[in-house]
Structure formats: structure tokens, C-alpha cells
1. Return, ordered by residue number, the residues of segment 261-277 whose backbone nitrogen is under 14 Å from a label point located 7 Å along Cα→Cβ of residue 243.
2. Using a 10 angstrom cutoff on alpha carbons, build the Gaussian network for the chain and name the most mobile of 229, 256, 75.
3. May I ask you to give the average projected area over all directions of the convex hull of the Cα atoms of segment 246-368, in nm² rounded to one decimal?
4. Want the number for residue 252 to residue 52: 0.36 nm per residue separation, take away the alpha-carbon distance, what's left?
5. Under the classification rounded if a/c is under 1.5, otherwise prolate if a/b is larger than b/c and oblate if not, where does segment 1-138 fall, given a ≥ b ≥ c as square roots of the Cα gyration tensor eigenvalues?
6. Among 115, 253, 44, determine the one that fluctuates most according to a GNM of the chain built with springs between C-alpha atoms less than 10 Å apart.
7. Using 13 Å as the cut-off for backbone N distance, which residues of segment 291-313 belong to the label zone defined by a point 7 Å from the Cα of residue 334 along Cα→Cβ?
8. Let me check the size of the chain from its C-alpha atoms; what are the radius of gyration and Dmax in Å?
Ligand code: UD1
């Protein structure tokens, strides 16, 4: 029996840990999972709603670290997580994604001699100004097993000197959740509640510091949205840091002027999936959404200069458009004019809903 601590910290972690926890519960002869929630995200709609939607049990341990500077938050997670590892003595600590909690917990575990598995390893944007890129680089260096979602991620790891023996290509864990919940998500009433059940609409998410922390960049994006909104309503579930940035940068009036840009509270997993799965267009700076839209063949414009998920551009529906108003507008209109017919390309390998099982198999194989 393997005792495994599974770490969640922030919103994009929940859909990655849920299939692993569910698979461990199905294989309870082999695995005893313990969920540790660091509390990096703590608002109801950034955390609890996801636990509920994804059928996750209440975390076994809550560290409640909250927000802070990168150093403060990372240090706080480390200090709170260390006694948990010392007390519980797990065989493995599993971390997912690239948030501050991912790196903090990986570092604590490896220094205590506990094996670490990193799910979604090997992704690289090659943009060191992204805090997530630093988290990815360091987590991958210290983790024992690197579970990758794409072959290109294996290559990235090898190029950094990581031995093949530590790399396991297992596929995309988020797709496990997407496949499991898609039908349920489609039957939510979110589109009726927003009054867009019979209308074409776009969905927008925006929260990267590089997009929302500087007035000039954020204003440019708003100029593009103003033009796109002439064509169709844009539903914008607003991340708390973006809500704060709008006020701090004095952009409330500008946002309010764009009539069909509809700011709403962050949505839970099912409502959000129900919403973007039927969208004519998604505009985002999120990482995961680039993959989720690729899987669903929903056109996606990524408002960033780079992506750590190039497979979504090569094989999927994603276009990197940067943050310039003109380019965003041009690309959006091109997609909308082309209509819904997307070229049917084959999905990336191992985006099949079986990734959690492959991870568990790999953990078991390590013991033998
Ligand atoms: C974090 C991740 C990012 C991920 C994003 C998804 C890091 C470095 N960043 O960014 O990779 O894409 O989550 O959401 O780990 N806040 C609240 N309530 C909350 C959480 C945050 O109000 O529940 C506000 C606080 O003002 C906080 C700010 O949002 O200071 C930023 O939160 P933080 O966890 O530092 O980073 P995110 O921007 O959420």
C-alpha cells in the first residue's frame, strides 16, 4: 500500500488532482491518498466550488496560507507543509501544474527524502518573466518522476539534462476531468442564466500579471474587446486579481463603456465548461484553457506572446495573438468570419481520459 500526499493549491490544480484521487479510491488496495490543500486560493468560487463540482472530498489537511508576494507565499506553504510530511511520512508527494504551491511542496518533500511526482511536467514557455516558468523549471529538476502530457515535454526535459529513467509520458490529466464531466456540464443552465442560450457569444479569461498589471497592456486589450463586442457578446468571468487591477488601474469606466463585455463572478468547473464548450470563440491568457478548447475544437485566441503548450497551436484550435489590439481584433474577426467549421485534426496522443491510471501504474511499478 502506497501512502500518497496529493497537493492542491490554486484553481487550476483541482481538475488535475480530481482524476488521480478518484483513481486511487478505485484502487484502494494499492493506494492511500491524503489531500493537502495549501490555501493559495481560498475564495469560495476559486476553491470550494471546484471541490464540489469535481466530486473531490474535503481536503484532509488545510494549510490556509492565503495570498502574499511570491517569496512570502512560497515560504509560507513550505513552512506549513513540512510538519505535515514529517507527521504523515508518505511514500510519495504528488504535485501538479506550475503554481507556487507546486514548487513549494516539491521542495519540502525532496529535502525530507520523500519521493516526488510532478504531473504536467516538461512544459516550457521559455519566458522567464512568467512566475510559472520558474516553478516548472525548478519542480522538474527536483522531482523523482516527471509525468508529461506531450512528447515535446519529454524533449524539453532531456534538453535540461533529465534522465529518461525519470520521464513518463502519460498524457493530459485535465482531459480525464473534461471527459468525465462534459455531459454534466452541458446540461447546466449557465447559458440560460446569462440569457445567451440562443446567441453566439465569446468567452474571455484574463489574469496573467503581464496582461492585467500594466495599464497600457490592459487598455490595448480592452480596445480590441470593444471592437469584437460589436459582433457578439463577450462573457468575462473575472479573476479576483483582475477585478482588483481594474480598480487599481482606474479602468472601471473604460470597462463599463464596452456594452456587450459582460463581467461576471468566477464560475465553477461545470458552469465554466458548459459555457466555453458552446462558445463561438474563446479569448484567454490561461494555460489549461488552450488545451481544453483544443480538445473540444473551440477556436481559441491566446493573448500572450508565447505558450508552454505548443501542441495546441500545432494540432489544435489555438492561435497565439499577443496583446496588441490590432492583432487580437484581426484574428477574432477572421475566426468569426470563418464560421464554426473547424478542420478536424486528430487529437494529441494520450488525451484519452486514462492519464490518471497511467500515473498510478507508474507509481506502482516504481515499488517493484
Ligand atoms: C495563480 C497561479 C497561476 C494560475 C492562477 C489561476 C502562481 C504563481 N500563479 O495565479 O499560475 O494561472 O493562479 O487562477 O502560483 N485572490 C483572491 N482570492 C483567491 C485567490 C487570489 O482574491 O482565492 C487575489 C489576491 O489578491 C491575490 C491575487 O488574487 O493576491 C493573486 O493570487 P495568487 O494566488 O498569488 O496568484 P494568481 O494570480 O491567482
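Bear in mind these aren't lab numbers, they're just calculated from the coordinates by the rules spelled out. In this text, all values refer to a predicted model and were calculated from it rather than measured experimentally. All Cβ positions, glycine included, derive from the backbone under ideal geometry; neighbour counts span all protein chains shown.
1. Those under the cut-off are 263-268.
2. Among 229, 256, 75, the largest mean-square fluctuation in the Gaussian network model of the chain belongs to 256.
3. Answer in nm², one decimal: 10.7.
4. Working: separation 200, 0.36 × 200 = 72.00 nm, distance 3.22 nm.
Extra length available between residue 252 and residue 52 comes to 68.8 nm.
5. Values: a/c = 1.41, a/b = 1.24, b/c = 1.13.
In terms of gyration-tensor shape, rounded.
6. 253
7. 300-302
8. In order Rg, Dmax, the Cα atoms of the chain give 20.1, 63 Å.
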